[in-house]
Amino acid sequence: MKQILQFTVNGEPRELLIDPKKFLVEVLREDLGLTGTHWACDTGACCCCTVIMDGKAVKSCSILAMQANGREVTTIEGLADGPNLHPIQQAFIDNWALQCGFCSSGQIMAAKALLDENPSPTREDIQLQMDGHLCRCTGFNMIQEAILDAAERLKGQK
Amino acid sequence: MKREYSIIGKPTGNVDGAAKTTGEAKYCFDMSLPNQLYGKHLRSPYAHARILSIDTSEAEKLQGVKAIITGKDVPGGKWGLWRRFRELCDQIALADDKVRFIGEPVACVAATTKDIAEQAIELINVEYEPLPGVFDPLEAIKDDAPLVHDDFENNINATRHIEWGNVDEGFAQADYTREDKFTCFPQAVASMEVHNSLASYDKGSKRLTVWSSTQSPYYLQLGLADALKMREGDIRVIKPHVGGGFGGKNSTMPDSTSAALLSMKTGRPVKIVFNREEEFISTEHRTGMHVALKIGLKKDGKIVARECKVITDGGAYTGLGATALYLSGIFQTFPYKIPNYRYDAFRTYTNKVWATSVRGFGATPTVYCAESQLDRAAKDLGIDPLQIRKMNVMEPGYEAPGQYKVDSCGIMPCIEKMEKRIKEKWPKVEENEGIGFSAFAYMSGGIFNWIDTPYAYSGARVQVNIDGTVDLFTQASDIGQGHNTVSVMICAEELGIGMEDIRLHPADTATTPVDLGAWGSRETLMNGNAIKMAAGQIKQKLVDLARAKLGENIAYDLVAKDKRIYLELRPERGFSYYDIVRDAIKLNDGEPLIGTGHYTPHNKGMISPAYGMGIMAIKAKVDKEIGHIEPQGVLIVHDCGQEINPLGARGQVEGSVHMGLGYCLCEDMPNDNGMLLNPSMNDYKIVRQRDMPQIELMDVPTYEAEGPFGAKEAAEATIAPTAPALANAVFAATGAEFDSNVLKPEKVLKAIRAAEAKKAQKK
Ligand code: FES
Ligand code: FES
């Protein structure tokens, strides 16, 4: 039996009739066409699928879409301000923090949640918080540098 | 002459960066077509079994199932990358008479939803007659071993012999010889984007379009043509953004063959996406091998001879494994002058998924062995590890008879720079710490033409439009390594315009000139040359026109730079690029300006037109109580010719070191009678953020005359030295010698104890 899911995605209220067995990542990608959120494992092990729900980074492959009912979800598509990239996005580009880019949405969303909570993280803070994020391309150092750089940019904005 | 570039050599952000950081970049994984069906494979639970019957009738009855294919529905023959040697084209779309590894596909269902496709494969009934399997290469060659392919005696898939000098005489001259045996375990590719394809067959034109996560649209086009018995030209392959390849996406795999067959059968688009377990159990990985290595040196550390014997665990099919076999004999000799050398190797078929070309292929395993052995020899001879390397490295122009020639070669200055820097960086080591070294070199694309292409190895077409904007067409593949950025940089530099003036159209077999794809670090040099040639043709037209308009004679040099075309010696005399383009098109009967370029290496030996190289040091700390190795820092000095994009090159180095550390420490593929025991991202351990050391990268610029703007390979080379540099650091700290990779604590403790016992015995 399908159920009604009401939630806010990237600032827009959404109402969908969905199969309650579906995971959030499936609804985002298949029902809403937000394919910027990727998944790369079937076992909750890579964090590629990270989105922000009510301010917290969550693995969208590991929660049912219905668990997002009544909540606010931000995906990678919701980060830029119109045509202007978010400072974290720009920092990722400028620091070559992405290569194939497949894990990048998850990394960037996690970085956003991290910086919202802790605007001046140390490298160790980043390593600790982002340890679950797997990336086969970058070796992580340049991602950490991008996040440190983004923190500076965000401070400069204020 | 000092070369001043506007774009080349400047740290440049990824041209796909905005798309990839906003979710706009479309990977095949993200694509779908209206009315699309979902394909799913039924896979063999047996490592080796005869297929007696397949009954699909129950599955066909399931509502939503649109088609089911099995081996007998495959119209074509076998295929493979070694098209020059048809007997090595051993891949099949779906198992026909027997299955050869656990996870081999035997049937594929297309259904209206993923769930239905998954239910349907459960309803297919396959009757197998299990056969004895063979899982170790040393077992595989025995006379009574079961045969994986009936027509390959003793399961020998390929053999290689390389020899120069006189090895026996060389060893006779040696003051010191030693022999070591190693086992190098395989490594998974584990790209974040799994193999997946979307196929759409047009019933009217009878043409097929396939989008796929591939490293080489051209190879996929050829593979599909063989598998489907179609003309290449009737198959269009498009490579969207690709979420990593690392060598694992060169072969044509069942995601694309089955999607194509099902689309042809149903007349609807079909998408097939492997799940992570399928990715682990049924796609290619780095070759495991047994290596026996003998080295002979003079007292002063000069190498006089080396002999190497290798037997690799090839798995069920060939892939690029036969190339890996050959190169395993080549790259272990780099960057040294080994006057007498002999290599004998064979690749065996076993009942496992097959092994192929993975990042640093042909280098990573045997360089681990050779560089470990070199440090042991140096210690026995009482010579410093950097000193022994300095004694033996190549110089520009060095030739290994009948095999390769090295033109630009900065290895000696790299080591000298390392010597200097290391004293400042790590002036002393504490107890249980050590610094290990490894030299390295790698190709800038391969010369070998096993694919048997009649085309140039790389092609490009440049079109300049009336407003000066440029459309750049090339089949070269960016799979994350940053080649799209390099392509645009090279084109912009050559035309003297901005990167924002160029629109890149990559990797579509219907619209772009052939390029062999992303493997063996070939794109920068080979495709870079093709792009530079294509852009250069147009530049020449613009320069000629400008010269005529200026009324200057032929001797005057003009340059295209900063969006102007002007006299080199009198920069104020010239024109805007945009104005000249407008005039040139008017003079061209109103046609846009088109330049075409291509590149194929000639007279460069058997391996590669050029080699990147350098030296790596790793400092590590060993916990002797629990056997834990902590890499504390990495220092690399490399020569990649003229760097095109230092930012991208650094990114690639970081990634190579990361994968190399995994190869050394934790990436393991335990196998029980053909069954991979850890087919998930939880259980297959890659190096995590917290364990990743900082990397310092220094450059020794050289100029490689064969490469675009002097460029050659950058970064892939650095995977191979990572494991030996780390193992040598442990060796320096503790004396522990390893005879394999995957240095888990148990193995480390055992080796430390053995080293201590050896030391006690000596006393
Ligand atoms: S897809 Fe791997 S954790 Fe969600
Ligand atoms: S950038 Fe490729 S997986 Fe992270």
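The values are calculated or read from the model by the stated rules, or taken from the named source; none is laboratory data. Note that the structure is predicted; figures quoted are calculated from it, not measured. Ideal geometry is used to build each Cβ from the backbone, glycine not excepted, and the neighbour counts take in all protein chains shown. What goes into the accessible areas is simple: the full protein's heavy atoms, side chains included, and nothing from ligands, DNA or RNA. Shrake-Rupley method; radii C 1.70, N 1.55, O 1.52, S 1.80 Å.
A few notes on this one:
- Residue match in segment A:149-158 (condition: touching a residue at least 24 places away in the same chain (Cβ under 8 Å) and either facing chain B (nearest Cβ under 7 Å) or assigned to a loop (DSSP other than H, G, I, E, B) (or both)): no
- Residue within segment B:696-715 that is more than 14 Å from every other protein chain (Cβ to nearest Cβ), free of Cβ contacts under 8 Å to residues at least 40 places away in the same chain and assigned to a strand (DSSP E or B) present: no
- Filtered by the rule that a residue be open to solvent by 20 Å² or more (accessible area, probe 1.4 Å) and within 15 Å of B:Ile538 (Cα to Cα), segment B:458-492 gives B:Arg461, B:Gln463, B:Asn465, B:Ile466, B:Asp467, B:Thr469, B:Asp471, B:Phe473.
- Matching residues in segment B:665-693 - criterion: being outside any loop (DSSP other than H, G, I, E, B) and in contact with a Phe, Trp or Tyr (Cβ under 8 Å, 6 or more places away or on another chain): B:Asn671, B:Leu676, B:Gln689
- Within segment A:117-132, the set of residues being among the charged types (D, E, K, R) and either surrounded by 14 or more Cβ atoms within 10 Å (Cβ to Cβ) or within 16 Å of ligand 2 (Cβ to nearest atom) (or both) comprises A:Arg123, A:Asp125, A:Asp131.
- All positions within segment B:493-509 that are within 27 Å of the chain's Cα centre (by Cα) and either under 14 Å from B:Gln463 (Cβ atoms) or open to solvent by less than 10 Å² (accessible area, probe 1.4 Å) (or both): B:Arg503, B:Leu504, B:His505, B:Ala507
- The set of residues in segment A:66-118 that are more than 14 Å from A:Phe140 (Cα to Cα), part of a loop (DSSP other than H, G, I, E, B) and more than 16 Å from ligand 1 (Cβ to nearest atom) comprises A:Asn69, A:Gly70, A:Arg71, A:Leu79, A:Ala80, A:Gly82, A:Pro83, A:Leu85, A:His86, A:Asn118.
- Of residues in segment A:20-65 being among the acidic types (Asp, Glu) and within 14 Å of ligand 1 (Cβ to nearest atom), the one nearest to the other protein chains (Cβ to nearest Cβ): A:Asp42
- Filter pass, A:Lys2 being open to solvent by 60 Å² or more (accessible area, probe 1.4 Å), touching a strand residue (DSSP E or B) at 6+ places or on another chain (Cβ under 9 Å), more than 10 Å from chain B (Cβ to nearest Cβ) and closer than 18 Å to B:Val194 by Cβ: no
Rundown of residues vs (1) within 21 Å of A:Gln129 (Cβ to Cβ); (2) within 16 Å of ligand 2 (Cβ to nearest atom); (3) not in a helix (DSSP H, G or I), yes/no style:
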residue	(1), (2), (3)
A:Ile4	no, no, yes
A:Thr8	no, no, yes
A:Glu26	no, no, no
A:His38	yes, yes, yes
A:Val58	yes, no, yes
A:Ser62	yes, no, yes
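- Residue match in segment A:72-88 (condition: within 16 Å of ligand 2 (Cβ to nearest atom) and in contact (Cβ under 8 Å) with a residue 60 or more places away in the chain): yes
- Segment A:74-99, residues that are out of contact with any Phe, Trp or Tyr (no Cβ under 6 Å at 6 or more places or on another chain) and hydrophobic (A, V, I, L, M, F, W, C): A:Ile76, A:Leu79, A:Ala80, A:Leu85, A:Ile88, A:Ala91, A:Phe92, A:Ile93, A:Trp96, A:Ala97
Condition check ((1) on the phi < 0 side of the Ramachandran plot; (2) outside the structural domain of A:Met130 (by TED's automatic domain parsing); (3) at pLDDT 95 or above) across all residues:
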residue	(1), (2), (3)
A:Pro20	yes, yes, yes
A:Phe23	yes, yes, yes
A:Asp42	yes, yes, no
A:Ala65	yes, yes, yes
A:Trp96	no, no, yes
A:Cys100	yes, no, yes
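- Residue check, B:Phe731 within 26 Å of A:Asn95 (Cβ to Cβ), assigned to a helix (DSSP H, G or I) and open to solvent by 10 Å² or more (accessible area, probe 1.4 Å): no
- Scan of segment B:679-725 for residues that are charged (D, E, K, R) and either under 23 Å from A:Gln107 (Cβ atoms) or within 16 Å of ligand 2 (Cβ to nearest atom) (or both), ordered by number: B:Asp683, B:Lys685, B:Arg688, B:Arg690, B:Asp691, B:Glu716
- Restricting attention to segment B:188-212 and to residues that are away from ligand 2 (no atom under 16 Å from the Cβ) and within 14 Å of another protein chain (Cβ to nearest Cβ), the residue that is farthest from the chain's Cα centre (by Cα) turns out to be B:Leu198.
Rundown of residues vs (1) in contact with a Pro (Cβ under 6 Å, 6 or more places away or on another chain); (2) within 14 Å of chain A (Cβ to nearest Cβ), yes/no style:
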position	(1), (2)
B:Pro609	yes, no
B:Ile615	no, no
B:Lys621	no, no
B:Lys624	no, no
B:Gly627	yes, no
B:Pro631	yes, yes
B:Asp639	no, no
B:Gln642	no, no
B:Ala649	no, yes
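- Selection status of A:Ala110, in contact with a strand residue (DSSP E or B) (Cβ under 8 Å, 6 or more places away or on another chain), among the aliphatic types (A, V, I, L, M) and more than 12 Å from ligand 2 (Cβ to nearest atom): yes
- So B:Ile565, is it farther than 23 Å from B:Glu4 by Cα and more than 23 Å from the chain's Cα centre (by Cα): no
- Scanning segment B:9-65 for residues that are at the interface with another protein chain (Cβ under 8 Å from one of its Cβ atoms), among the basic types (Lys, Arg) and open to solvent by less than 60 Å² (accessible area, probe 1.4 Å) turns up just one, B:Lys20.
- Within segment B:259-292, considering residues that are within 30 Å of B:Ile686 (Cα to Cα) and β-branched (Val, Ile, Thr), the one farthest from the other protein chains (Cβ to nearest Cβ): B:Val291
- Failed criterion for B:Ala720 (all others in (1) open to solvent by 10 Å² or more (accessible area, probe 1.4 Å); (2) modelled with pLDDT of 95 or more; (3) closer than 25 Å to A:Thr138 by Cβ hold): (1)
- If you filter segment A:10-24 down to residues that are part of a loop (DSSP other than H, G, I, E, B) and within 23 Å of A:Ala111 (Cβ to Cβ), you find that the one that is farthest from ligand 2 (Cβ to nearest atom) is A:Gly11.
- Filtering segment A:66-114 to residues that are over 12 Å from the mean Cα position of the chain (by Cα), open to solvent by 10 Å² or more (accessible area, probe 1.4 Å) and at the interface with chain B (Cβ under 7 Å from one of its Cβ atoms) leaves A:Ala80, A:Leu85, A:Ile93, A:Asp94.
- For segment B:554-591, the set of residues classified as assigned to a loop (DSSP other than H, G, I, E, B) and open to solvent by less than 50 Å² (accessible area, probe 1.4 Å) is empty.
- Selection count, segment A:136-145, where residues are facing chain B (nearest Cβ under 7 Å) and touching a residue at least 24 places away in the same chain (Cβ under 8 Å): 4
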